[in-house]
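Taking it in order: structure first as structure tokens, then the write-up.
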Amino acid sequence: MIKQVPNIITSLNLLSGSVAVLFAASGDLVAAAVFAFLGIFFDFFDGLAARLLKAHSDVGLEFDSLADMITSGLAPAIVMVQLLSRSITGEYLVISEIFSGSDWSVSSVSPLPLFGLLIAVASGYRLAKFNVDTRQTNSFIGLPTPANTLVVMSLPLILAFQSSDLIDAVVLNRWVLIGITILGSILLNIELPLFALKFKTWDVKTNLKRYIFLAIALVSIIFLKFSAIPIIIGIYILMSLVWKDEVIN
């Protein structure tokens, strides 16, 4: 039974991601973000549990990627669809209302918001590559899907809790949203070495980069709140490029 603990945690990730998808499809993007973040939390701990309990398995690896496809692939894609819809029409889509309307037609809906689904496609391809790439044991090649999800999911939280005319104008600019979608999709699959936040020991010298990054992230969140999340991911990428002290296995 103890060997199933990582899979149970992965199940919680999948469940949280599924709930996030439901909220995103109904237009409640704040709740969607909360459950996506919860899923990412579980995603971090299923791997930690597997290492501590020495319960690694091929099924667990595949299950983890399938759960990530929902939490860090489909959920952020639907949120981006909704944000693009709001940038065009001023409101979020409510899927059930679209298909229940008697006068609904394809021509009545702009196809531009569907561009957000590129996130799901790019995430699926990134996860498939990760499962067969033996180089990504101690670090990553390409942006991990949870990191991209944090950026996308931070946007509705910024709009809800840090709204201002300037912030709204930037976050709800369709070209900014399309740019974030394209950039994120490229970073997910590019041959870019990035360090992993996996602590094999708590030694300061070995993990100095990780401790510095976590300290910067904590201070940024305290002062900038949700607006700090895209900045933190940018710092993560920059530190990986500048501070190359790991060998890809």
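Numerical summary
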quantity: Over the chain, relative contact order from alpha-carbon pairs under 8 Å, at least 6 apart, %; calculated: 21
quantity: Alpha-carbon centroids, the range 126-170 and the range 1-31: separation in whole Å; calculated: 17
quantity: Cα Rg, Dmax, the range 173-214, angstrom units; calculated: 15.7, 45
quantity: Accessible area (Å², 1.4 Å probe, nearest 10) - Ile78; calculated: 30
quantity: Overall form of the range 1-43 per C-alpha gyration tensor (a/c, 1.5; a/b vs b/c); calculated: prolate
quantity: Dipole magnitude of the chain, debye to nearest 20 (Cβ charges: Lys/Arg +1, Asp/Glu -1, about Cα centre); calculated: 820
quantity: The range 107-249 - Rg (one decimal) and Dmax (whole number), Cα, Å; calculated: 16.9, 60
quantity: Proximal charge balance of Pro146 [Cβ under 15 Å; K/R count +1, D/E count -1]; calculated: -2
quantity: Accessible surface of the chain [probe 1.4 Å, protein heavy atoms]: carbon and sulfur percent; calculated: 72
quantity: Kirkwood Rh in Å, taken over all unlike Cα pairs in the range 1-96; calculated: 13.8
quantity: Heavy-atom accessible area ranking, 1.4 Å probe, most first, across Leu214, Leu166, Leu29, Leu14; calculated: Leu166, Leu214, Leu14, Leu29
quantity: Under-5 Å amide H pairs with Ile141, H placed in peptide plane, nonlocal only; calculated: Leu194
quantity: Between 0 and 90°, nearest 10: helix 228-242 axis offset from the chain longest Cα axis; calculated: 40
quantity: Count of lysine pairs in the chain with Cα separation under 21 Å (8 or more residues apart, or interchain); calculated: 12
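The values are calculated or read from the model by the stated rules, or taken from the named source; none is laboratory data. Computed from a predicted structure; not experimentally measured. Glycine also receives a Cβ, built like all others from the backbone with ideal geometry; neighbour counts cover every protein chain displayed. Heavy atoms of the whole protein, side chains included, go into the accessibility calculation; ligands, DNA and RNA do not. Shrake-Rupley method; radii C 1.70, N 1.55, O 1.52, S 1.80 Å.
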